[in-house]
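*Asks:* Here it is, the structure, as structure tokens.
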Amino acid sequence: MKDSRRNIPFFPYSELYESDKENFNRIFEDVCSRGAYILQEDLEEFENDLKDFLNVKYVYGVANGTDALILGLKAIGLSTGDEVIMPSHTYIASPASVHLVGGTPILAECSQDGMLDIGDIEHRITDKTKAIMPVHINGRTCKMDKIEEIAKKYGLKIVEDAAQGLGSKFRDKCAGTFGAFGTISFYPAKLLGCFGDGGLIMTNDSAISEKISLLRDHGRNEEGKVIAWGYNSRLDNLQAAILKFKLSKYESEIKHRRSIAKIYHNGLKDIDALKLPEPPTDGDHFDVYQNYELRAKNREDLREFLTKKGIGTIIQWAGTPVHKFSDLGFDQSLEKTEEFFRECFMIPMNFAVKEEEANYIVDAIKEFYE
């Protein structure tokens, strides 16, 4: 039986709206009463706010995070046969975006922190390699200095999947701003989530920016003339208005997540059966904790115990790394990644988790191992 004292879902989707519905209703009425639905001032204002927040020159809101990757790869000229190296510890959207523009995803190991294993990149480079795609998972930015060194050495582009990394930094530089382009997802459960799908592409390259501007809107230029083949992938204006409002409070959201992560770390760090993510620090990494993904011995028994305590948990991406998707033609062994997936799972980490709930979760995990 569940502990009747608590009900802490992994992510409370309904609370996205209920947490501030008066303001959300106001935004809805404002946008709809103006008939401002597609490519209107709210989107432009949101994009400008993000430029300032991310310290990047160009930002484009698009329909979703997967489209963001596809449009970015098209913009850099990725074509049939080109290879892109990325971690197997990622969502299917990362390799799918490469495949859908004709390229070949090359899967590599993850390191102890779940990021792309720097030591597993170079030997996968061939004469077909076009780019490296670091995936900034769980609100942590990869060690980009090493990836930049490898990319420069072999003349490769860096294309960043920062779907889970808005606001995370490595050495004071935001995830998504290191390479040719970076992408963010605004899926409801993301750090900055809207009420549906949404995404963005960021770049400091004017030529890439111009191509993305055309690609997201049917190949139309600023005069409305079609000058290229394009897609229909625009972040709708209502979602942009909601995201603009939420971005104004985003720094407090990050502060909250880091405080919850600190509670988890301080409470669980002495349990030998657990491997925890890095705690909040003022060092090279500024983590924003999209998720709190840890590794545990006796994982399934622990998750069952937590369920009985009313605590929701999940294993990211249904517990399957990309290189195990045999139906998609993958057939390789990645021992570090497979070991990671035998132990990894996530406990609640979101805007609604209260400090006393975090302490309750810590106590429940301690109780299990004791």
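*Asks:* Under 8 Å for C-alpha pairs, at least 6 residues apart: give me the relative contact order for the chain, rounded to a whole percent.
*Replies:* Values: 748 pairs, mean separation 81.8, N = 370.
Relative contact order, the chain: 22 percent.
*Asks:* How do the peptides 237-245, 103-111 rank, highest first, by the average count of neighbouring beta carbon atoms within 10 Å per residue? Spell out each step's value before the answer.
*Replies:* On the way: 237-245: 23.1, 103-111: 21.4.
Final packing ranking: 237-245, 103-111.
*Asks:* Compute the FRET efficiency between residue 304 and residue 207 as 1/(1 + (r/R0)^6), taking r as their Cβ-Cβ distance and R0 = 41 Å, and round to the nearest 0.05.
*Replies:* On the way: r = 53 Å, r/R0 = 1.30.
Using R0 = 41 Å, I get an efficiency of 0.15.
*Asks:* For residue 338 paired with residue 284, estimate the spin-label separation in nm (one decimal), with each label point 7 Å from Cα along the Cα-to-Cβ line.
*Replies:* For residue 338 paired with residue 284, the spin-label model returns 2.9 nm.
*Asks:* Please report the Cα spread of the chain along all three principal axes, rounded to whole Å, starting with the longest.
*Replies:* 67, 55, 40
*Asks:* Another one. In Å, what is the Rg of the alpha-carbon atoms in the range 161-247, and how long is Dmax?
*Replies:* 14.1, 42
*Asks:* At each listed q (0.11, 0.18, 0.24, 0.25 Å⁻¹), what is the log10 of I(q)/I(0) that the Debye formula gives for the range 216-317 modelled as equal alpha-carbon point scatterers?
*Replies:* -0.61, -0.98, -1.28, -1.32
*Asks:* Next up: List nothing, just return the count: lysine pairs in the range 194-268, 8 or more apart or interchain, with Cα separation under 30 Å.
*Replies:* Going through the range 194-268 pair by pair, I get 9.
*Asks:* Right, another one. Based on the inverse mean of 1/r over its pairs of different Cα atoms, what is the Kirkwood hydrodynamic radius of the range 281-366, in Å?
*Replies:* Working: mean 1/r = 0.0671 Å⁻¹.
For the range 281-366, the Kirkwood estimate is 14.9 Å.
*Asks:* Also: With only alpha-carbon atoms in the gyration tensor, what are the semi-axes of the equivalent ellipsoid for the range 114-271, in Å, largest first? Walk me through the numbers before you get to the answer.
*Replies:* Details: eigenvalues 174, 131, 26 Å².
Those come to 29, 26, 11 Å.
*Asks:* Taking a label point 7 Å from the Cα of residue 220 along the Cα→Cβ vector, which residues of the range 30-74 have an amide N closer than 12 Å to it?
*Replies:* 38-40
*Asks:* Place the peptides 326-333, 187-194, 339-346 in order of packing, highest mean first, counting for every residue the other Cβ atoms within 10 Å and averaging per peptide. Could the numbers behind the result be given before it?
*Replies:* Numbers: 326-333: 9.9, 187-194: 20.5, 339-346: 17.9.
The packing order, highest mean first, is 187-194, 339-346, 326-333.
*Asks:* Convert each backbone phi in the range 202-213 into a coupling constant with the Karplus relation 6.51 cos²θ - 1.76 cosθ + 1.60 (shift: θ = phi - 60°), then list the ³J(HN,Hα) values in order as whole Hz, x for Gly and Pro.
*Replies:* Karplus values, whole Hz, x for Gly and Pro: 10, 7, 10, 9, 5, 5, 5, 4, 4, 5, 5, 4.
*Asks:* How would you order 161-167, 48-54 from highest to lowest mean count of nearby Cβ atoms within 10 Å?
*Replies:* Descending mean neighbour count gives 161-167, 48-54.
*Asks:* Go through the range 177-190 residue by residue and turn each phi into a ³J(HN,Hα) via Karplus (6.51, -1.76, 1.60, θ = phi - 60°); whole Hz please, and just put x for glycine and proline.
*Replies:* So the Karplus estimates, Gly and Pro as x, are 10, 8, x, 4, 7, x, 10, 10, 10, 10, 3, x, 8, 6 Hz.
*Asks:* For the range 97-192, what is the convex hull (Cα atoms) projected area averaged across all directions, in square nanometres? The partial results should precede the final answer.
*Replies:* Numbers: hull surface 25.4 nm².
Seen from a random direction, the Cα hull of the range 97-192 projects 6.4 nm² on average.
*Asks:* A further question on this structure: In terms of modelled amide H atoms, which long-range or inter-chain residues lie less than 5 Å from the amide H of residue 62?
*Replies:* Correct list: 199, 200, 201, 235.
*Asks:* Next up: Residue separation times 0.36 nm, minus the C-alpha to C-alpha distance between residue 331 and residue 270: what's the value? If you can, show how the numbers build up before the last one.
*Replies:* Values: separation 61, 0.36 × 61 = 21.96 nm, distance 3.79 nm.
Gain on extension, residue 331 to residue 270, equals 18.2 nm.
*Asks:* Looking at the chain, send over the antiparallel percent of its DSSP beta bridges, to the nearest 5. Before the final figure, lay out the partial values.
*Replies:* Numbers: 23 of 38 bridges.
Looking only at bridges with both residues in the chain, the antiparallel portion is about 60 percent.
*Asks:* Same structure, new question: For the range 84-124, what ratio Rg/Rh do Cα atoms give with a Kirkwood hydrodynamic radius?
*Replies:* A ratio of 0.99.
*Asks:* Right, something else. Cα-Cα over 25 Å: which of 128/190; 57/152; 21/57; 143/269?
*Replies:* Details: 128/190 33 Å; 57/152 22 Å; 21/57 33 Å; 143/269 23 Å.
The pairs that break the limit, which is 25 Å between Cα atoms, are 128/190; 21/57.
*Asks:* Would you please state which residues of the range 324-359 a label at residue 314 would reach in this model, taking the label point 7 Å out along Cα→Cβ and a backbone N cut-off of under 14 Å?
*Replies:* 345-351
*Asks:* Here's another thing I want to ask about it. How big is the range 5-120 on each of its three principal axes, counting only the C-alpha atoms and giving the largest first in Å?
*Replies:* For the range 5-120, the Cα spread along each principal axis is 50, 48, 27 Å.
*Asks:* At q = 0.23, 0.24, 0.28 Å⁻¹, what is the log10 ratio I(q)/I(0) for the range 48-91, with the Debye formula run over Cα points and no solvent?
*Replies:* Log10 of I(q)/I(0), two decimals: -0.99, -1.01, -1.06.
*Asks:* Using a basic spin-label model with each label point 7 Å from the Cα along Cα→Cβ, how many nm lie between residue 255 and residue 29?
*Replies:* 3.0
*Asks:* Also: What's the FRET efficiency of residue 189 with residue 248 using the Cβ-Cβ distance as r and R₀ = 30 Å, to the nearest 0.05? Mind dumping the intermediate values first?
*Replies:* On the way: r = 20 Å, r/R0 = 0.67.
With a Förster radius of 30 Å, E is 0.90.
None of the figures in this text is laboratory data; all of them are computed from the coordinates on show. The structure displayed is predicted, hence computed values, not measured ones. Ideal geometry is used to build each Cβ from the backbone, glycine not excepted, and the neighbour counts take in all protein chains shown.
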